[in-house]
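Right, one structure below, let's go through it.
Every read-out reported here was derived from the displayed coordinates using simple, explicitly stated rules and does not represent laboratory data. Computed from a prediction, not measured in an experiment: that's the story for all the values here. When we count neighbours, we look across all protein chains shown, and the Cβ atoms used for this are built from the backbone with ideal geometry, even at glycine.
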Amino acid sequence: MEITIKESTIVRPAEETLRKSLWNSNLDIVMTRYHVPSVYYYKPNGSSDFFDTEKLKEALSKVLVPFYPVAGRLGFDENGRLEILCNGEGVLFVEAESSSVMDHLVGDFSDDSQVLQLVPKVDYSGEISSYPLLVLQVTKFKCGGICLGVGMHHIVGDGASALHFMISWADTARGLSPAIVPFIDRTLLRARDPPMPKFHHVEYDPSPSMNSPSDALKPSIVSTFKLTVDQLNTLKAKASANSGVKHSSFNILAAHIWRCASRARGLPDDQPTKLHFPIDGRSRLNPPLPQGYFGNVIFMAALIANAGDLRTESLVDTMKRIHGRLKEIDDEYLRSAIDYIEKVSDLNTLVRGPHTFRCPNLNVNAWIWLPI
């Protein structure tokens, strides 16, 4: 697939915005340090102003006023802590064209090299203040279809916050005011003084390594396994019949995937394997955060089991492990997690990334709750 870049623009807020340094919570600091890519495909609707880039850029400049941290840059405070410099330097907006058709890309992520062409590439080789926190690319295909490629730095916010921004941008482009005003104050997730962690947080411990390390890492591949509604219902019926409890789709699928991955990897019986899964703290913190809280509220949950136990126990038993872990995670546990992170001398050791989840470990992330 060939893509031609037609124009690159830095879009700044339409009005003067608050100039300040935005303090990041511990949950922001331990996030991955890169832009999270996402792509949105749109079929032509016959409208003469379908995906008019001038209108999109105008709306973008307007929505950057209430969402002013998005237009900033990363920096460090006097203690070396990562912060967002709210300086209004703007976001990158790229306009591109492709002679290809869009249909063969939709739903196919097996060749991520093609998909990644639809999101602007960020150069991380310079200072952390050298690149925008949001990069956007509108690619027009010869079939008339459009792809909007988005890369938002994870320090800026989690999936819920990113989509809050995207939906507000779309509303603004339609001439509407954002339905929910962003709440820009991350000190609500500040650790207690002094920190008082009450629990041991295995999710922030180093992940198990292979008992017999391989000499070389095998190359990673991207695969999509589509689970039909009938297959999911079969798993649910099996789980319900053997436990008498109605389990969530997430519990069932996480247990199923963990068991299957352990078998597919051929892990020996005595090999510990760690399952990670993110938890949105918005529904568990008490009192709840203000509606529109803009930032990261993603906590990690984790549990460890030997591959042999996963192989021999029933699906229901594995589900009970996950269900039991989730039941423990309440406001008290989450506040303890923030305090636990606060006591770590070098937060860089807790920054998540591919190294956290490689074999024999696993990360199961569900986006089904996001308003995409």
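Side notes on the structure shown:
- Paramagnetic reach from Y204 in region 259-284 [backbone N under 18 Å; point 7 Å along Cα→Cβ]: 276-282
- Placing pseudo-labels 7 Å out from each Cα toward the beta carbon at R81 and S8 gives an inter-label distance of 3.4 nm.
- Of the GluC sites (Glu not before Pro) in region 42-78, the ones in a loop by DSSP (not H, G, I, E or B) with at most 10 other beta carbons within 10 Å are E78.
- Within the chain, helix-based [θ] at 222 nm, where runs of 4 or more DSSP H residues each add -39,500 (n - 2.57), nearest 500: -8000 deg cm²/dmol
- Normalised by residue number, the volume inside the convex hull of the Cα atoms of region 222-372 is 152 Å³ per residue.
- For the pair N45 and D331 in one chain, pulling the backbone fully straight at 0.36 nm per residue adds 98.4 nm over the alpha carbon distance.
- Pairs of Cα atoms in the chain fall into 20 Å distance bins, from 0 up to the last occupied one, in shares of 25, 55, 20, 0 percent.
- If R0 is taken as 41 Å, the Cβ-Cβ distance between S249 and D346 corresponds to a FRET efficiency of 0.65.
- Computed lengthening from I368 to S21, 0.36 nm per intervening residue step minus Cα-Cα distance: 121.6 nm
- For the pair I221 and S240 in one chain, pulling the backbone fully straight at 0.36 nm per residue adds 3.4 nm over the alpha carbon distance.
- Too-long pairs where the Cα-Cα distance tops 30 Å, listed order kept, from K62/K121; K246/K343; K62/K226; K218/K343; K20/K327: K246/K343; K62/K226; K218/K343; K20/K327
- In this simple spin-label approximation, Y34 and D280 carry label points 7 Å from Cα along the Cα→Cβ vector, and these lie 2.5 nm apart.
- Among L64, L188, L82, the largest mean-square fluctuation in a Gaussian network model of the chain, built with springs joining Cα atoms closer than 10 Å, belongs to L188.
- Mean-position separation - Cα centroids, region 190-254 and region 60-91, in angstrom: 34
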